[in-house]
Every structure is written in C-alpha cells, then in structure tokens.
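The values are calculated or read from the model by the stated rules, or taken from the named source; none is laboratory data. Model, not experiment: these values are computed from the prediction. Please note: Cβ atoms are built from the backbone with ideal geometry, for glycine as well, and neighbour counts cover all protein chains shown. For the accessible areas, the whole protein counts, side chains as well, though only heavy atoms, and no ligand, DNA or RNA atoms are used. Shrake-Rupley method; radii C 1.70, N 1.55, O 1.52, S 1.80 Å.
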Amino acid sequence: TGLVSIVSIQIFQSCDVNAIANSTNASCGKNDGSINVAASDGTAPYTYSLDGINFQSGNIFSGLAPGTYTVAVLDGSGNYGYATNVIVNSTCITANAITINATCGMNNGSIIASASNGIAPYQFSIDGINFQSNDTFSNLAQGNYLLTAKDADGNLYDTNTTINNIPSPQISANSFAAVCAANNGKIVASVQGGTSPFQYSINNTSFQDSGIFNNLIAGNYIAIVKDSNGCTASVNVNVPINNNAKVFAGNDTAIVVNQNFQLHAIDVNNIGFTQYTWSPSSGLNNPNVQNPIANISEDITYTVVASTDNGCQGRDSISIKIFSLSEIFVPSAFTPNTDGHNDILKAIPVGIKDFKYFAVYNRNGRQIFYTSNASFGWDGKINGVMQGTGVFVWMASGVDFGGHIILRKGTVTLIR
C-alpha cells in the first residue's frame with residue numbers, strides 16, 4: 001500500500017452579469033418605443049429577454065408600447081443579470097394657454113398658446129378647423145374657447161381656456177351750486193369698478209388724477225372717468241345756480257297827491273346788495289339809492305333791481321295809488337264765506353304816515369276786533385264762532401304826513 005494519488009481540479013469563478021438598458025420613447029399613440037441593452041462582467045455570448053423566458057441574441061427590443069420593463073441578460077456560463085424599471089414613455093403632445101382678458105366689453109382679449117412633448121413644428125387653432133403657426137390669437141371677445149394644438153405627426157391636444165371681461169368703471173357725481181354768476185361751483189366725481197389708477201375730466205378736456213373740479217360756473221357738464229385699461233364712463237352733471245338774492249320793495253300803498261313818500265328796499269336774505277336801481281325814475285329824487293323819495297301826482301308802480309358785486313340780482317315792485325286827500329276807507333259790507341273774495345274786513349289808509357288802530361263793535365257796543373296793523377282785518381268771527389248777517393260799527397284812526405289826526409267811524413254789514 002503506501003501509494004499516493006494526485007488529482008488535478010480546475011475551479012471556475014462565477015459572477016453576476018452587469019446589465020444596463022437605455023430606452024427610446026414611443027411616439028404618441030404608437031407602439032414604437034425601444035430598449036437597447038449593454039451587458040458586461042459575464043461570459044460571452046449573451047442573450048436577452050423581456051419576459052425571462054424567451055431570450056434572443058440581439059440586444060435591441062423594438063416595437064414597444066409605453067410602459068415599465070425588466071430586461072434579463074443570460075451569459076454563456078448560465079449567469080443572469082437584470083436591468084429593472086426600464087421605462088418607455090409616450091411622446092404625446094401637450095399644450096397650455098395663457099389668456100389676456102378683454103376689457104370694457106370690447107373684443108380685445110388674447111390667447112397665447114404653447115406646446116411640448118410632440119413633434120415640432122406645432123400649429124394651433126381655436127375653432128378646430130383653421131390652424132396657424134402663430135401662437136397668439138388676438139381681438140377675442142369674452143367667452144370660453146377650446147384651444148387645439150397639433151404637432152408635425154398630426155397628433156392633437158385640446159385644452160379649454162376662458163377669456164373674462166374686466167368691466168368698465170362706473171361714475172357718479174355730485175354738484176355744488178355756483179352763487180349767482182360767480183365761478184365758484186364744484187363737481188365731485190367718484191368711481192366704482194374698473195381698474196385703478198383713474199383719471200377724471202369734465203367735458204373731455206384735460207384729464208387729472210382728482211375727481212374734484214372747482215371754480216365752475218353754473219351750467220351742464222359731462223364728468224368722465226378713465227381707468228388704467230383705457231375704459232371710460234361718463235355722467236351728465238348740472239351745476240345749479242344759487243341765487244338767494246331777494247329784495248322787498250314794500251307793500252303796495254296809497255298816498256295823497258304830491259306828498260313825499262320814502263321808498264325803502266329791504267335786503268331780505270342779507271346777501272349784501274351794493275347797488276339799487278329804481279324804475280321808472282320819474283318822481284324820484286335819486287333812482288340809484290336804496291331809499292329814494294318819491295313825489296308823484298298819479299298812480300305808479302316802481303320796480304327796484306338790487307345787485308351784488310358778484311352778479312346776484314333781486315327784483316321787486318311796489319304800486320302806489322294817488323288820492324287827493326288823506327283818508328281811511330272801510331268797505332260798507334263784506335262776505336266772509338271763504339270764497340277768496342271780500343272775506344276779510346280791513347281799513348284802507350290813504351296818505352297815513354302812522355296808522356293807529358282799526359276796531360269793530362257789535363250792536364251792544366262791545367269791542368269784538370282790534371288791530372294796530374292795517375294789514376290785518378276781521379274775519380267775521382267772535383271767539384272763533386262765525387257771525388250771522390248783521391250790522392256792525394267800526395272805528396279807525398291814524399296820523400297823516402302833515403301831522404293831522406284822521407279819525408273815522410261808520411257801519412258795515414256782514415252778509416251771508
């Protein structure tokens with residue numbers, strides 16, 4: 001025995017195969033993607049498979065639909081390598097739209113289109129029929145639009161977009177009256193809606209940042225507002241005239257012929273009259289003063305025009321009736337039936353400088369009415385009770401311009 005046997009054994013090294021895969025995307029709607037595989041670290045020859053069952057000697061897989069794939073590589077020693085999550089994408093066209101809104105209700109909106117992922121060059125349409133290479137659609141009205149993009153392979157992509165309308169501003173205005181003929185009226189305009197900043201104008205003259213317009217004469221104006229989009233709105237505004245100038249020439253009266261009578265114009269609202277003109281000037285010592293003296297021999301009506309420095313004017317008249325003697329007249333009858341005619345019994349002084357009183361008495365001598373103002377009279381009532389038909393006694397007194405006392409009395413009949 002003692003024999004020694006020597007055996008020679010060869011040991012092989014077994015390594016995993018390294019697989020790297022690159023993909024080419026499929027066209028939109030087509031199964032024309034591909035995967036190219038590169039293998040290393042194994043023993044040639046290599047074979048390749050997408051399902052782990054069917055292997056091929058070529059390292060390119062064509063005609064692939066979009067999706068995720070695992071590529072298996074088998075080398076000559078029976079070792080495997082894998083490339084996992086190999087993605088084949090679809091290159092379908094997509095599109096986006098940027099809108100520019102219309103303003104003022106006009107057709108001035110726009111759509112700016114863009115496309116990607118498809119095959120350039122691209123074309124665009126907003127009616128699905130007429131396509132253009134220009135990516136901008138202008139002069140569009142407010143509304144909903146369907147934008148269609150088309151690539152060089154004829155692939156289409158639709159997207160909805162909306163053009164809104166930015167409305168015009170709305171204007172309102174208040175006015176403040178001009179005093180008489182002065183340039184001191186005012187308009188204050190305000191705006192609602194629209195897009196700031198705003199500018200304002202009256203009568204479409206130069207525009208300004210403020211809606212306040214001063215130093216205006218009375219009249220009709222057009223207030224206009226314009227916003228930053230160029231949209232405008234207008235409103236008619238009237239600046240009224242505030243003429244509160246009022247003059248009182250005095251109550252109509254009666255005087256004795258050729259008796260001096262002083263006229264006196266009253267500035268009712270204290271507006272500040274600086275000039276007075278009486279007409280006609282006949283019988284007046286000075287027709288251009290506030291209180292001229294009249295000496296006349298026949299009935300006349302004087303009119304006074306009073307003016308301020310800024311053009312305000314007031315006008316009033318006084319009628320003067322002429323009698324030959326100073327007197328106090330009282331009608332012989334009156335009819336207090338509220339018909340508007342001869343309802344009030346009054347004393348009528350003529351040529352009386354200082355009217356003293358007018359009194360009425362019943363048949364028993366009891367005083368039932370009394371006044372020291374010739375403008376007031378008896379309405380036919382005693383303690384609020386209307387009297388029936390009857391005869392009453394009256395008395396009146398005054399002092400004429402010569403200083404003489406005039407005393408008169410008589411009877412009057414109340415008629416029903």
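Label-point separation (nm) for Asn295 and Thr70, each offset 7 Å from Cα along Cα-to-Cβ?
About 13.9 nm, to one decimal.
Do any chymotrypsin sites (Phe, Trp or Tyr not before Pro) in segment 183-242 lie in a loop, going by DSSP, with at most 16 other beta-carbon atoms within 10 Å of their beta carbon, and if so which?
Hits after loop and neighbour filter: Phe207.
May I ask you to rank Tyr80, Tyr122 by accessible area, largest first, using a 1.4 Å probe over the protein chains only?
Tyr80, Tyr122
With a 1.4 Å probe and every protein chain left in place, tell me how much accessible area Met106 has, in Å² to the nearest 10.
100 Å²
Return the distance in nm (one decimal) between the two label points of a simple spin-label model at Arg366 and His264, each offset 7 Å from Cα along Cα→Cβ.
About 3.9 nm, to one decimal.
Could you put Leu50, Leu407, Leu216 in order of accessible surface area, largest first, with the 1.4 Å probe and the full protein assembly present?
The ordering from most to least exposed comes out as Leu407, Leu50, Leu216.
Of Tyr370, Ile35, Gly219, which is farthest along the charge dipole of the chain in the positive direction, counting Lys and Arg as +1 and Asp and Glu as -1 at C-beta?
About the Cα centre, the residue reaching furthest to the positive side is Tyr370.
Enter the accessible area per residue of the chain (Å², integer; probe 1.4 Å; all protein chains in place).
56 Å²
Ignoring ligands, DNA and RNA, what percent of the accessible area of the chain is carbon or sulfur (1.4 Å)?
48 percent
Under 23 Å Cα to Cα from Lys30, which lysines show up? Leave out anything in the same chain fewer than 8 places away.
Candidates past the 8-residue exclusion: Lys150.
About the Cα centre of the chain, what is the dipole size in debye to 20, counting +1 per Lys and Arg Cβ and -1 per Asp and Glu Cβ, all else neutral?
2860 debye
Taking amide H atoms as placed 1.01 Å from N in the peptide plane, list the residues 5 or more away in sequence, or in a different chain, whose amide H sits under 5 Å from that of Phe323.
Ile255, Val256, Val257
If the cut-off is a Cα-Cα distance under 23 Å, which lysines reach Lys356, setting aside same-chain residues fewer than 8 apart in sequence?
Lys356 reaches Lys321, Lys346, Lys381, Lys409.
Grab the Cα-Cα distance for Asp16 and Ser332, subtract it from 0.36 nm times how many residues apart they are, and report the gain in nm with one decimal.
Length gained between Asp16 and Ser332: 99.0 nm.
So how exposed is Thr253, as accessible area in Å² (1.4 Å probe, rounded to 10)?
Number for this one is 40 Å².
Under the 0.36 nm per residue contour assumption, what length would be gained going from the current alpha-carbon distance of Lys381 and Lys356 to full extension?
So the extension gain works out to 6.8 nm.
For the residue pair Thr274 and Ser206, what label-to-label distance in nm results when each label sits 7 Å from Cα along the Cα-to-beta-carbon direction?
3.1 nm
Which of the trypsin sites (Lys or Arg not before Pro) across segment 320-388 are loop residues per DSSP, with 14 or fewer other Cβ within 10 Å?
Taking segment 320-388 and a limit of 14 other Cβ atoms within 10 Å, the loop trypsin sites (Lys or Arg not before Pro) found are Arg363, Arg366.
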